[in-house]
Amino acid sequence: MSIIQVIILAIVEGITEFLPISSTGHMIVASSLMHIENEDFLKLFEVCIQLGAILAVVVLYWKKFFDFARWQFYLKLLVAVIPALTLGAIFNHKIHELLGMPVVVGVSFLVGGIVLLFIDNVFKRPTIHEERRITYGKGFVIGIWQCLAMIPGVSRSASSIIGGMQQKLTRSLAAEFSFFLAVPTMIAATGKDLWDYHKDHGIITASEIKVLALGNVIAFVVAIVAIKFFIDYLKKHGFKLFGYYRIIAGIIVLLLVYEGIINS
């Protein structure tokens, strides 16, 4: 990858990680449009820079995230991340195969967009407004919902927020819990992918480290802006705009695949 391609992918990641439109799906499409060779390092890069974006949560919510008096909060995150760790380990190879398939992204965009058009009307009466009322069982169920994002284009943010709303959390609380849940999830995913890449290709080279570092820094900075926008917008307007965007994006991706402009 060239430096320009790295910068573009990192900006795409930073903007889309916390929006319910799938950062992975957008990076797959962007890398296909830029004709970046679909090799193991690209897949590693697309996973690792998500960690950079997600660390923006730690900075923006550092008072909540490092409030060690609320030790139950950390246990809830650990319980919620169990489904993703389990299914990720079982289906790791299949997940990586899907990362190279834009047609899957297009279909996921389309289906997910239709869901977002109606989701606000489905969960109208939240009863949980505070994090302390999220039980371990509810955290585990939200973690199960998050696993839907193993399909490229589904959106980890959307699936876990919808999972929170299904468990009677308010939209904003569901979004916050989704953000916090992303931290252990992506630390585990990044660590696993780095280890697997090391086993297959040996020690990561200095040039690869520089590429990963640059991508993480850019994704981190851009994500800070995206988080602030998303929370404010979600409180006022809900998901409908993102649903329309996903439907349009899904149709465009499928048309690009059909015309052979990007590989299926």
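Just so it is clear, none of the values below were taken in a lab; they were calculated from the coordinates. Here the structure is a predicted model, which is why all the values come from computation and not from measurement. All Cβ positions, even for glycine, are placed from backbone atoms using ideal geometry, and neighbour counts span all protein chains on display.
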*Estimated distance in nm for a label pair at H129 and K228, the labels positioned 7 Å out from Cα along Cα-to-Cβ*: 2.6
*Across the chain, where is the longest run that never hits GluC sites (Glu not before Pro) in a DSSP loop with at most 14 other C-beta atoms within 10 Å?*
131-258
*asked:* Could you check the spin-label model distance between I187 and I82? Points 7 Å from the Cα along Cα→Cβ, value in nm.
replied: 1.8
_Bin width 10 Å, origin at 0, all Cα-Cα pairs of segment 128-264: what percent of pairs per bin?_
10, 30, 33, 22, 5, 0
*Would you mind checking the tilt of helix 71-90 against the longest principal axis of the Cα atoms of the chain, expressed as 0 to 90 degrees and rounded to 10?*
40
*Angle between the Cα long axis of helix 171-201 and the longest principal axis of the chain, 0 to 90 degrees, nearest 10?*
30
*May I ask you to list the lysines whose Cα is less than 22 Å away from that of K228, ignoring any residue fewer than eight positions away on the same chain?*
K63, K64, K236, K240
*If you find the alpha carbon centre of segment 49-78 and of segment 223-239, how far apart are they in angstrom?*
18
*For segment 91-109 versus segment 180-211, the gap between their alpha-carbon centres in whole angstrom*: 19
*Length-normalised contact order of segment 156-264 in % [C-alpha pairs under 8 Å, at least 6 apart]*: 21
*Could you list log10 I(q)/I(0) for the chain at q = 0.16 Å⁻¹, which the Debye formula gives when each Cα is one point scatterer?*
-1.24
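Please give the per residue volume of the convex hull enclosing the alpha carbon atoms of segment 99-196, rounded to a whole number of Å³.
Looking at segment 99-196, the number lands at 90 Å³ per residue.
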*GNM top mover of V81, V183, V59 - the chain, alpha-carbon springs below 10 Å*: V59
*Can you list the chymotrypsin sites (Phe, Trp or Tyr not before Pro) in segment 39-88 that are in a DSSP coil and have 11 or fewer other beta carbons within 10 angstrom?*
F66, F68
*Taking only Cα atoms, what is the 0 to 90° angle, nearest 10, from helix 3-16's long axis to the longest principal axis of the chain?*
20
*Under a GNM of the chain (C-alpha, springs under 10 Å), which listed residue has the highest mean-square fluctuation: A89, A53, A219?*
A89
_Reference-scaled alpha-carbon Rg (2.2 N^0.38 Å with N residues) for segment 1-96_ = 1.28
*Can you tell which of P152, P126, P184 shows the greatest fluctuation in a Gaussian network model of the chain with Cα springs below 10 Å?*
P126
*Over segment 3-258, what is the mean sequence separation of C-alpha contacts under 8 Å (at least six apart), divided by residue count, expressed as relative contact order in percent?*
39
*So how many Å³ per residue does the convex hull of the Cα atoms of segment 30-83 work out to?*
106
*Report the calculated FRET efficiency for Y258 and A213 (r = Cβ-Cβ distance, R0 = 35 Å), to the nearest 0.05.*
0.40
*asked:* Given the -39500 (n - 2.57) contribution per DSSP H run of 4+ residues, what per-residue ellipticity at 222 nm results for the chain, rounded to the nearest 500 deg cm²/dmol?
replied: -25500 deg cm²/dmol
*Roughly how many debye, to the nearest 20, is the charge dipole of segment 3-258 about its Cα centre, given +1 on each Lys and Arg Cβ, -1 on each Asp and Glu Cβ, and no other charges?*
1240
_Going Cα to Cα from K43, which lysines come in below 17 Å? Please leave out same-chain ones fewer than 8 positions away._
K94, K192, K199, K210
*Local charge sum around V253 (other residues, Cβ-Cβ under 14 Å, Lys/Arg +1, Asp/Glu -1)?*
0
